[in-house]
Amino acid sequence: MKFVIQRVEHAKVTVEGEVTGSIKKGFLVFVGVGNEDTKEEADRLVKKMIGLRIFEDENGKTNLALKDIGGELLIVSQFTLYADCRKGNRPSFIGAGNPELAEELYEYIIAECRKQVEVVEHGVFGAEMKVELLNDGPFTILLD
């Protein structure tokens, strides 16, 4: 399982011209699910993500977590995080989880995040999405 976390001032995801999720200050999280991933792995990454202290305090130090600033989450599924580009020029996605497993874990991650964060928005699993964001920093972290 892979989370690409971007600290953002705001972000939104659009499907067929309709906004399906929009947040203010917080994290835009791209989630990739692999074939061997489990709910236990999702729990570990969600806990780590929620606890990341990457927001600045009054002294300009990155000491504050999402909860400390009342931050929001926008979660977007992205199987392309499992692209294998070692051979040729066309990526292989054989390591990406099958769609049923991936969707189940994606929905599980959203539900678990909603237990801890007041505003959790998301994209549409398997859809062609347009994502807009204003990265704050820029600050991007990979959890896997």
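The values are calculated or read from the model by the stated rules, or taken from the named source; none is laboratory data. Please read these numbers as outputs of a predicted model, since none were measured by experiment. A quick note on method: Cβ atoms are made from the backbone with ideal geometry, for glycine too, and the neighbour counts reach across all protein chains shown. Ligands, DNA and RNA are excluded from the accessible area calculation, which covers all protein heavy atoms including side chains. Shrake-Rupley method; radii C 1.70, N 1.55, O 1.52, S 1.80 Å.
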Cross-chain or 6+ apart pairs with Cβ under 6 Å, the range 99-120 first and closer than 25 Å to G71 by Cβ, then open to solvent by 30 Å² or more (accessible area, probe 1.4 Å): Y106/F125; Y108/K39; I110/H122; V119/E72; V120/R114
Are any of the residues in the range 51-74 in contact with a Lys or Arg (Cβ under 8 Å, 6 or more places away or on another chain), among the β-branched types (V, I, T), touching a residue at least 12 places away in the same chain (Cβ under 8 Å) and over 13 Å from I110 (Cβ atoms)? yes
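For (1) polar (S, T, N, Q); (2) in contact with a helix residue (DSSP H, G or I) (Cβ under 8 Å, 6 or more places away or on another chain), each residue gets a yes or a no:
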residue	(1), (2)
R44	no, no
I50	no, yes
K61	no, no
G71	no, no
L74	no, no
L81	no, no
C85	no, no
L134	no, no
T140	yes, no
Residue that is least open to solvent (accessible area, probe 1.4 Å) [pool: residues in the range 55-84 that are under 18 Å from L142 (Cα atoms) and part of a loop (DSSP other than H, G, I, E, B)]: A65
Within the range 113-120, is there a residue that is closer than 16 Å to G21 by Cβ and loosely packed, with under 13 Cβ neighbours inside 10 Å? yes
